[in-house]
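The numbers here are math on the coordinates, done by the rules we state, and not lab data. Only a predicted model underlies this, so the values are computations on that prediction, with no experimental measurement involved. Virtual Cβ from ideal backbone geometry, glycine too; neighbours counted across all protein chains shown.
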Amino acid sequence: MTGVQTCALPISGLHPHEGERIVELAAVRLRKGKVVGRFHTYLNPGRSSNPFALKVHGLADEFLLGAPKFKDIVGLWEEFVGNATLVAHYSVFDIGHLQAVYDDIGRQRPANNVLCTKVLARLVVPVASYRLVHLVDYFGVDARPAHTAMGDCQMTADVFMHLRRIFDSKGATSLEALQRRVDTAPPDLRRYQ
């Protein structure tokens with residue numbers, strides 16, 4: 001399946017190399033600027049969330065104990081995502097955590113193209129902060145519950161659609177053209193801070 005999927009994934013902590021894992025996974029499928037599909041699940045990360053992460057996502061360890069592990073839903077995830085371009089707001093963070101759960105189960109992560117709305121916004125939007133909530137305010141889109149997988153996913157989709165319109169007006173009318181813009185951006189605009 002081609003197209004675009006925005007994805008978001010709250011985690012048990014900030015550091016996948018320290019064993020912190022995804023606790024919630026969501027994606028929305030976009031086609032011609034419309035949401036045409038949704039994927040959502042909670043995940044048992046196999047460990048307790050660190051206090052900072054718990055404060056951010058609010059998902060209690062006891063609640064997550066009954067959730068499936070990533071290995072139990074990976075087939076459903078891959079079926080939903082297919083070969084679509086993945087769009088995330090802070091893609092290096094999200095894809096790093098996604099890679100960690102693939103490594104855990106000894107499976108190769110599909111090689112979907114990835115676009116980062118944070119980097120795209122830095123190329124064309126004059127704001128002081130590129131946090132997702134600030135871009136939501138800038139574009140005047142409906143705010144949804146932040147730091148939930150589906151809420152962040154929906155907001156990322158809305159921000160991405162606004163960015164697409166800006167890039168379309170500048171002649172970057174395909175996903176490939178957006179990828180080239182990101183890949184050739186000055187290094188200070190591609191930073192992930």
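Side notes on the structure shown:
- Residues (touching a helix residue (DSSP H, G or I) at 6+ places or on another chain (Cβ under 7 Å) and touching a residue at least 40 places away in the same chain (Cβ under 8 Å)) located in region 113-134: Asn113, Leu115, Cys116, Thr117, Val119, Leu120, Ala121, Arg122, Leu123, Val124, Val125, Leu132
- Across region 99-114, not a single residue is classified as among the charged types (D, E, K, R) and farther than 21 Å from His17 by Cβ.
- Figure legend. Inter-residue proximity from region 54-69: first residues farther than 19 Å from Met150 by Cβ, second residues part of a loop (DSSP other than H, G, I, E, B), beta-carbon distance below 7 Å, spacing 6+ or different chains. Indicated pairs: Asp61/Ser48; Asp61/Ser49; Leu65/Asn44; Lys69/Leu43; Lys69/Asn44; Lys69/Gly46.
- Qualifying residues in region 70-85 (those that are among the aliphatic types (A, V, I, L, M) and free of Cβ contacts under 8 Å to residues at least 40 places away in the same chain) - the one surrounded by the fewest Cβ atoms within 10 Å (Cβ to Cβ): Leu76
- Search result, residues across region 38-67 that are at negative phi, under 20 Å from the mean Cα position of the chain (by Cα) and not hydrophobic (A, V, I, L, M, F, W, C): Arg38, His40, Thr41, Tyr42, Asn44, Pro45, Ser49, Lys55, His57
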